[in-house]
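The values are calculated or read from the model by the stated rules, or taken from the named source; none is laboratory data. Source: prediction; values computed, not measured. Here the Cβ positions follow ideal geometry from the backbone for every residue, glycine too, while neighbour counts run over all protein chains shown. Ligands, DNA and RNA are excluded from the accessible area calculation, which covers all protein heavy atoms including side chains. Shrake-Rupley method; radii C 1.70, N 1.55, O 1.52, S 1.80 Å.
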Amino acid sequence: MGVGGYLLLPWRFLVVLSLRLLFLLPTGVPVRSGDATFPKAMDNVTVRQGESATLRCTVDNRVTRVAWLNRSTILYAGNDKWCLDPRVVLLTNTKTQYSIEIQNVDVYDEGPYTCSVQTDNHPKTSRVHLIVQVSPKIIEISSDISINEGSNISLTCIATGRPEPTVTWRHISPTAVGFMSEDEYLEIQGITRAQSGDYECSASNDVAAPVVRRVKVTVNYPPYISEAKSTGVAVGQKGTLQCEASAVPSAEFQWYKDDKRLIGGQKRVKVENRPFLSKLIFFNVSEHDYGNYTCVASNNLGHTNASITLFEINEPTSSALFQAPGAVSEVNNGTSRRVGCIWLLPLLILHLLLKF
C-alpha cells in the first residue's frame, strides 16, 4: 500500500497506530526498580472479584505524554479514553501521578497493565500485574443418598475459586468425628450404621468465609431387638409387655401368643406401635393371660423376634395399713390420760384446803 493509501485510513486508527509506535517501539526502555529518573508503577495489585482496582503510575514534570495499556490495548492516553469499557475511568492525571480505576473487576481483567511515558523524547514503560481473587463456590455436590449397610459409597464436592480452594469432608452427625477427607471425593468402603448421618463439604481459599454444603447419608439395616423384658402382674391389674427394636427403615411389629397373632382393638388387649417401640397392653389381667409372648420386628431387609413372659405376682400389701389404727389409738389414749389429769387437779386442791 502506498502513502496515499495510508492517508485514507480512519483518523482513529492512525492515532492508535501512532500511540503504539510511540510507546511500544523497541527503543522504549523498561523502567528498572532502581531507575532514579522515573519511578516505576506500583507493585502488583490484588483485589477480590466485584471490587475496584486502582492502578497508579508516578510521573514528574519532565513527562510529556502518558498512557495506560492492557497488553496491546490502549485504555487511556492522557485524558482521552480509548477503550469502550465503562468500568475503566481516569482517576488522576497530574504532574506527579497518573492513575486509572477498573470498577467491578472480574477474572478476565487479570493480567499485565503497562504505564507508558514520554520523557526527553525517550519512551519508558513500567508494568503492574492485576491479580483477581474469587471467593470459593461449590458448583457440584452429591445428592442425599440411602444405601444398605455394607455397601460402598462415593461422595463428590466440586468447588471453584481463585486461588483454587481447598475441599474437605467431615462427618458431623450424630456426633462430629473430625475430618475424613481433604479431597473433592470421599470414599467409604463397607459403610456401617454408625457412619450414617450428615456429611459436610467445606471449600475455602482465605478470600472469604468457607462455603459449606451438606449431604445426608441414610444407612439401611435389618431390625434388632434392643429391649424385651418379662413382666409380673397381679390378677385384675393392668399389665404391659414392651418390645424395643432399632431398624432403618423403621420396623413393623407383630405380637403372638403361641401361634396366634394378637390384634389391637380388642376389649381387654391393645397393641400400641411406634417407630422403634411396641407395647402389648392388658387392661384387666386374667389367669389365662399369663404365659409366653413373641414380639416380631421386621422391615424389607429382614426380621427378628424375642420371647417375653407375662407372669403372676401377688398383689402388693402395705404394713402401713395395719399400723395406722394403732397410731390413732395411741394418740387417743394419750388424750384420755391428759383429760383425766385435768379432772384430778381440782380434787387435789380441795383436799389441801380442807386439811388446813
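Name the single residue, out of those in the range 143-167 being without any contact (Cβ under 8 Å) to a residue 40 or more places away in the chain and within 16 Å of VAL215 (Cα to Cα), that is least open to solvent (accessible area, probe 1.4 Å).
VAL167
Does PRO223 fit the bill of being surrounded by 14 or more Cβ atoms within 10 Å (Cβ to Cβ), of a type outside the set (A, V, I, L, M, F, W, C) and in contact with a Ser or Thr (Cβ under 6 Å, 6 or more places away or on another chain)?
Here the answer is yes, as PRO223 does meet what is asked.
Taking the range 49-76 as the region of interest, how many residues are part of a loop (DSSP other than H, G, I, E, B) and polar (S, T, N, Q)?
So the count comes out to 4.
Could you please find all residues in the range 66-100 being closer than 21 Å to GLU110 by Cα and among the acidic types (Asp, Glu)?
ASP85, the sole residue that qualifies.
Inside the range 304-314, can you point out the residues that are assigned to a strand (DSSP E or B) and open to solvent by 30 Å² or more (accessible area, probe 1.4 Å)?
Result: THR304, ASN305, SER307, THR309, PHE311, GLU312.
Name the residues in the range 216-274 that are under 22 Å from GLU315 (Cβ atoms) and assigned to a loop (DSSP other than H, G, I, E, B), would you?
Answer for the range 216-274, where residues must be under 22 Å from GLU315 (Cβ atoms) and assigned to a loop (DSSP other than H, G, I, E, B): SER230, ALA234, VAL235, GLY236, GLN237, LYS238, ARG268.
Within the range 237-246, does at least one residue satisfy the condition of being polar (S, T, N, Q), modelled with pLDDT of 75 or more, under 30 Å from VAL219 (Cβ atoms) and touching a strand residue (DSSP E or B) at 6+ places or on another chain (Cβ under 9 Å)?
Yes, the range 237-246 has at least one match.
Listed here are the residues, each with its yes/no results for (1) touching a helix residue (DSSP H, G or I) at 6+ places or on another chain (Cβ under 8 Å); (2) small (Gly, Ala, Ser).
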{"residue": "SER202", "(1), (2)": "no, yes"}
{"residue": "PRO210", "(1), (2)": "no, no"}
{"residue": "VAL215", "(1), (2)": "no, no"}
{"residue": "ASN220", "(1), (2)": "no, no"}
{"residue": "PRO223", "(1), (2)": "no, no"}
{"residue": "ALA228", "(1), (2)": "no, yes"}
{"residue": "VAL235", "(1), (2)": "yes, no"}
{"residue": "PHE253", "(1), (2)": "no, no"}
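Find the residue count for the range 260-289, including only residues that are closer than 14 Å to ILE308 by Cα and open to solvent by 40 Å² or more (accessible area, probe 1.4 Å).
Number satisfying all stated conditions: 1.
So which of GLN195, GLN189, GLN254 is closer than 20 Å to ILE145 by Cα and surrounded by 13 or more Cβ atoms within 10 Å (Cβ to Cβ)?
Every option except GLN195 fails the conditions.
Filter the range 46-72 down to the residues that are open to solvent by 70 Å² or more (accessible area, probe 1.4 Å) and over 11 Å from SER116 (Cβ atoms) and list them by number.
Across the range 46-72, the qualifying residues are THR46, ARG48, GLN49, GLU51, ARG56, ASN61, ARG62, THR64, ARG71.
Just the residues that are loosely packed, with under 13 Cβ neighbours inside 10 Å and closer than 16 Å to TRP255 by Cβ, please, taken from the range 290-303.
Result: GLY291, single match.
Between a first residue in the range 193-212 that is in contact (Cβ under 8 Å) with a residue 40 or more places away in the chain and within 28 Å of VAL132 (Cβ to Cβ) and a second residue that is aromatic (Phe, Trp, Tyr) and open to solvent by less than 20 Å² (accessible area, probe 1.4 Å), which pairs have beta carbons less than 9 Å apart while being 6 or more apart in sequence or on different chains?
Correct list of pairs: CYS201/TRP169.
From the list GLU140, GLU101, exactly one residue is open to solvent by 60 Å² or more (accessible area, probe 1.4 Å), modelled with pLDDT of 95 or more and assigned to a strand (DSSP E or B). Which is it?
Residue meeting the stated conditions: GLU140.
Of everything in the range 77-90, what is surrounded by 13 or more Cβ atoms within 10 Å (Cβ to Cβ) and part of a strand (DSSP E or B)? Give them in sequence order.
Within the range 77-90, ALA77, LYS81, VAL88, VAL89, LEU90 qualify.
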